[in-house]
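This report concerns only the one structure given below.
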Amino acid sequence: MALLKVKFDQKKRVKLAQGLWLMNWLSVLAGIIIFSLGLFLKIELRKRSDVMNNSESHFVPNSLIGMGVLSCVFNSLAGKICYDALDPTKYARWKPWLKPYLAVCVLFNIALLLVTLCCFLMRGSLESTLAHGLKNGMKYYRDTDTPGRCFMKKTIDMLQIEFKCCGNNGFRDWFEIQWISNRYLDFSSKEVKDRIKSNVDGRYLVDGVPFSCCNPSSPRPCIQYQLTNNSAHYSYDHQTEELNLWVSGCRAALLSYYSSLMNSTGAVALLVWLFEVTITIGLRYLHTALEGVSNPEDPECESEGWLLEKSMSETWKAFLESLKKLGKSNQVEAEGADAGQAPEAG
Amino acid sequence: MAPVLPLVLPLQPRIRLAQGLWLLSWLLALAGGLALLCSGHLLAQLWQLGTFLAPSCPFAALPQVALAAGAVALGTGLVGAGASRASLDAAQYPPWRKVLGPLLVVGAAGGGGLLVLALALALALPGSLDTGLEEGLGTALAHYKDTEVPGHCHAKRLLDELQLRHHCCGRHGYKDWFGIQWVSSRYLDPNDQDVLDRLQSNVEGLYLIDGVPFSCCNPHSPRPCLQSRLSEPHAHPLFDPRQPNLNLWAHGCHGVLLGHLQGLAGTLGGALAVTFLLQILALVGLRYLQTALEGLGGVIDGEGETQGYLFPSGLKDMLKTAWRQGGVAHRPAPEEAPPEEAPPKEGLPEA
């Protein structure tokens, strides 16, 4: 009892082959799209690797790139097979390769589905990487004289301007670290000495933020220093002031940016996966329909196409049987070798 | 009645001409599409920078005319490709015979005219950008503080975003900010002595300070941004005037925007020039193909040699014929005798 049998006459077979040929070439295009999406994602991750401590995982974009290339290769091969399927002499060349090729296609589809799922799950690992990376980035903000870290100030400033964010979770993160380099502090001033003595580590902590946290939509010129001191500025209340600085933290802003990027990539990859599954099913039907042509001299005859020769449970049992036979044949060979050695010994 | 610039076209050269024209028409369509994209990009940039360009500046006309010219060139290219493809197939050519004549007229007059106009504008208009930007930026700077005046409340945000995006400060440099009041009066403390001193120090009663907004700050500077008391070099500790000043953006927004827009206009002019050249070549080739096929009576595969030409007669003769034809339309009866005599005369030598 075959699974999902469909009757095919000559016209239907030809139509199936032509349709599959077109779908395969469209799928090559889809493979190129997946490749370019993977490349774009990789470039975006590389651009911001400074704030991710250079420790972000490139697994998802690398596998998307690989899947795109494999898809192009497999689908152009399948297109060639479908083109040759209409000519019996050419098709005879491909006949012995078709069954293993279909098995490879099924494995490829499973791999593509796994990669698509990974796209949606990458968010979690990215969140922790970003939290650590941004914390370190802010710590090194003042080290503009230290080789290897002198670019961190520029990176963080441009990040805050571009993504409209301030600090890790909010602007108060800047109050807890020293972001002004010691080189530009006047140690003879009383104010500086007081601040350095006021905490255990001897850091110069201010209730101020860098200029890149400023929000251009604010109606008043940006207030950067003495943010918690209402009397230092005219008509200012730090509890109710909302437009002065960017409100969101850079971790949340970057996370939402990368999440939306990966969600759209995952959606496109899912559509491509559905397309590939359709092509594999169509190819299987074409394969079995052409196998079922009982009389090779009469191309006009009807044939049947199916997905599986027997029902699902029977096919699974047959597969297990073949595995057992493989194991048994190894055992028999081993026993034969032992029996051969025993008489020699004995 | 000698044809202008005749060219003998036997069968093989005719086929070559048609194939070459097909390629040329696709190149023309590509060039027209490119010009379309360039002018669209320029329009988008002008829409963004609209507040910094004086309303009287005519620069916006350039991308609009270039858009129309690019669209016509694209259409001409596509139709030309179809016509040259059809001229190789006897079954497809007859419907194209009627279309080709009007197409050539529209392409030459309309498309050519628009392209020439767009090229002229591309050469003339960038000069007007200088004064337009000067005026526009001056107005924007003056209204920076008017965040609560309806009509100008966006000036601060737009100018800050401009300085952040294009890496510039002020009109010609950061000192422009010293000459205007950029702090809104609403946030000035009327009881502060320093504020009162500053207001009384100038004729117009403006609060002028030697400071700049935050958007002038340069992130490449190794020290946190110094925005205030910029004319007192010793107000800030460890300020070394001999070191290159990375603190603020060095360029003025006028120069940066001028270079940016003039560069875009130059690219657009280049694309229009290439489109113009391709259009002339394509139209001339199509005219030769059309007249050669008309000589065969519309039969594509005719083995005979025919002549292709640009115009059937010289300019004077053409005008005379057009005048006479106009006259014939008004007085049909007496004028019919001379043209009727002419064909029998031509028929006799052939017989």
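Quick look at the values:
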{"item": "Portion, in percent, of the accessible area of region A:171-247 that falls on carbon or sulfur, probe 1.4 Å", "result": "49"}
{"item": "Dimensionless Rg ratio for region A:171-247, taking C-alpha atoms and the 2.2 N^0.38 Å reference", "result": "1.19"}
{"item": "Heavy-atom accessible area ranking, 1.4 Å probe, most first, across A:248, A:235", "result": "A:235, A:248"}
{"item": "12 Å cut-off, amide nitrogen to a point 7 angstrom out along residue A:32 Cα→Cβ, residues in region A:48-89", "result": "A:72"}
{"item": "Cubic angstrom per residue, convex hull over Cα atoms of region A:220-284", "result": "102"}
{"item": "Projected-area average for region B:1-146 over all orientations - Cα convex hull basis, square nanometres", "result": "12.1"}
{"item": "Stretch in chain A that is longest and holds no GluC sites (Glu not before Pro) that DSSP places in a loop and that have at most 16 other beta carbons within 10 Å", "result": "A:1-240"}
{"item": "Reduced Cα scattering model of chain B, Debye log10 I(q)/I(0), q = 0.09 Å⁻¹", "result": "-0.70"}
{"item": "Dipole of region A:171-247, positive direction: furthest Cα of A:215, A:247, A:174, with charges on the beta-carbon", "result": "A:174"}
{"item": "Cα-based equivalent ellipsoid, chain A: semi-axes from gyration tensor eigenvalues, Å", "result": "66, 28, 16"}
{"item": "Loop GluC sites (Glu not before Pro), region B:126-163, which have at most 15 other Cβ atoms in a 10 Å radius of their Cβ (DSSP)", "result": "B:148"}
{"item": "Virtual spin-label span in nm between residue A:177 and residue B:175, 7 Å along Cα→Cβ", "result": "3.8"}
{"item": "Residue-wise HN-Hα coupling along region B:266-283, computed from phi with Karplus coefficients 6.51, -1.76, 1.60 (Hz; x: Gly, Pro)", "result": "x, 4, 4, x, x, 4, 5, 5, 4, 4, 4, 4, 5, 5, 4, 4, 5, 5"}
{"item": "Per residue value of the accessible surface for region A:171-247 (all protein chains in place, 1.4 Å probe), Å²", "result": "52"}
{"item": "Placed amide H near residue B:311: partners under 5 Å, 5+ positions off or other chain", "result": "B:4"}
{"item": "Estimated buried accessible area (total), pair B and A, 1.4 Å, Å² to nearest 100", "result": "2400"}
{"item": "Options A:130, A:288, A:109, ranked by Cα towards positive dipole end of chain A, top entry (Cβ charges)", "result": "A:130"}
{"item": "Average beta-carbon neighbours from other chains, 10 Å sphere, peptide B:24-32", "result": "0"}
{"item": "Neighbour-limited loop hits for chymotrypsin sites (Phe, Trp or Tyr not before Pro), region A:213-263 (at most 16 other Cβ within 10 Å; DSSP other than H, G, I, E, B)", "result": "A:225, A:234"}
{"item": "1.4 Å probe, heavy atoms, protein only - residues of region B:174-217 losing at least 20 Å² accessible area vs chain alone", "result": "B:182, B:187, B:189, B:214, B:217"}
{"item": "Residue-normalised accessible area of chain B, expressed per residue, 1.4 Å probe, Å²", "result": "54"}
{"item": "Base-10 log of normalised Debye intensity for region B:145-252 (one unit scatterer per alpha-carbon) at q = 0.13, 0.17, 0.18 Å⁻¹", "result": "-0.55, -0.92, -1.01"}
{"item": "Chain B: angle of helix B:129-142 to the longest principal axis, Cα-based, in degrees nearest 10", "result": "30"}
{"item": "Interface residues, region A:200-242 - accessible area loss of 40 Å² or more versus chain alone, probe 1.4 Å", "result": "A:211, A:216, A:219, A:220, A:221, A:234"}
{"item": "Simple spin-label estimate for residue B:149 and residue A:193 in nanometres, 7 Å along Cα-Cβ", "result": "4.9"}
{"item": "Cα coordinate range in the protein assembly as shown, projected on the principal axes (Å, largest first)", "result": "127, 113, 43"}
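The values are calculated or read from the model by the stated rules, or taken from the named source; none is laboratory data. All values derive from a computational prediction rather than experimental measurement. Cβ atoms come from the backbone with ideal geometry, glycine included; neighbour counts cover every protein chain shown. Just so you know, the surface numbers come from the protein's heavy atoms only, side chains and all, with ligands and any DNA or RNA stripped out. Shrake-Rupley method; radii C 1.70, N 1.55, O 1.52, S 1.80 Å.
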